[in-house]
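Structure record follows, encoded as structure tokens.
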Amino acid sequence: MEENGIPKLEQGENDPLLDYVVEYADIWWPQCDGYDENGEPDLSCSDVPRMFVYYYTQGEIDTSMESDYLEHQEVQNTLRAFELDRDKFWYFCLMLKDVVRGFTEDTTPMAKNPRKELEALIIELAKMEPETHQEGVQKGWWKCSKYPAELSLQVKDKEGKKKGSIFTIKSKKTLFYLAVAVYAFLEERPMPAAPLQCDLDSTSYGEEFSLYEKVTEKEIWRVALFNKFLDKFLKRQLEGKTVKRTIEEEITMWSSGKKRKIEIQVDTSREHLISRMIYILHISENEKYDDLKNYSILKNNLKGDYKNPQPANQNSRYNA
């Protein structure tokens, strides 16, 4: 280990350097050891830290960017202002990058669950922002919704060829009745005590792709998922803290050689810290993620589905 460098992991998954890794992996990706009599999952500690250490000791975790991380003054100053441990944060970001890699590289699309897909449909219909108070109900939900919407259906044969024309629903009234019907259907069929006993909660891959198909997502998905997880971490770490916009820096006066402490301004933007880590860790090679003088490329790129992305694939490296 070089002087002032980041220490190597030498105590396995119990290494104090993995404190952030263990804490958040247990929150986000706990192991499910089965279900109790009420259908509640029996959760235990996450397997992610152990797997991360295994990949690390096998040389599968790229740490070549360590010097770029340590020498990046804006990042180091922000970490000081946030009162985050430099070394623990480094390993946490390496873990996040590798978990995101598992979701986006050489992986298999997530199995489909009818209940989740129907719930997702209701969520999308709710984006029409209907009135929920009594007056709105009397007027008619479909007349009070803020935004129009449309729902399309295209039937295809086994070869993927279209059969017939695209069927589209644009009526607010029809979409309202559809949402009510789906909601009532799900309400009458709560989660079974033993999962997978009901077809509504079983998973299947469907006919549109093979069980053995492997996919690799575009860079934007890696950026979006890394941003999502790291921002959740930072929000939780900074909760209740008063973040100072200045920190003390010790400098050596060139004329006298004496040391003196000065206060310097610090960039305390979570978004900027995440953006710079995306560039440092080579999640993206686009230099604009590091050069934030003119505008934030992160905010500009992460719109629509990328703003709050949900992993669409099984993780090929972790039980996450």
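Read-outs throughout are calculated quantities, based only on the coordinates presented, and are distinct from any laboratory measurement. These numbers come from a predicted model, not from an experiment. Cβ: placed from backbone, ideal geometry, glycine included. Neighbour counts: every protein chain shown.
Arrange Glu10, Glu23 by Cβ neighbour counts within 10 Å, fewest through most, would you?
Glu10, Glu23
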So, over other residues within a Cβ distance under 13 Å of Arg101, counting Lys, Arg +1 and Asp, Glu -1, the net charge is -4
Within a 10 angstrom radius of the beta carbon, how do Ser296, Ser275, Ser269, Ser64 rank from fewest other beta carbons to most? Ser64, Ser269, Ser296, Ser275
Give me D for region 6-119 in µm² s⁻¹, whole number, from Stokes-Einstein with Rh from the Kirkwood sum over alpha-carbon pairs, 37 °C and 0.692 mPa s. 200
Highest mean first, how do 173-180, 90-97 rank when packing is the count of other Cβ atoms within 10 Å averaged over residues? 90-97, 173-180
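Return Arg101, Arg50 ranked ascending by Cβ neighbour count within 10 Å, so the fewest neighbours appear first.
In order of increasing Cβ crowding within 10 Å: Arg50, Arg101.
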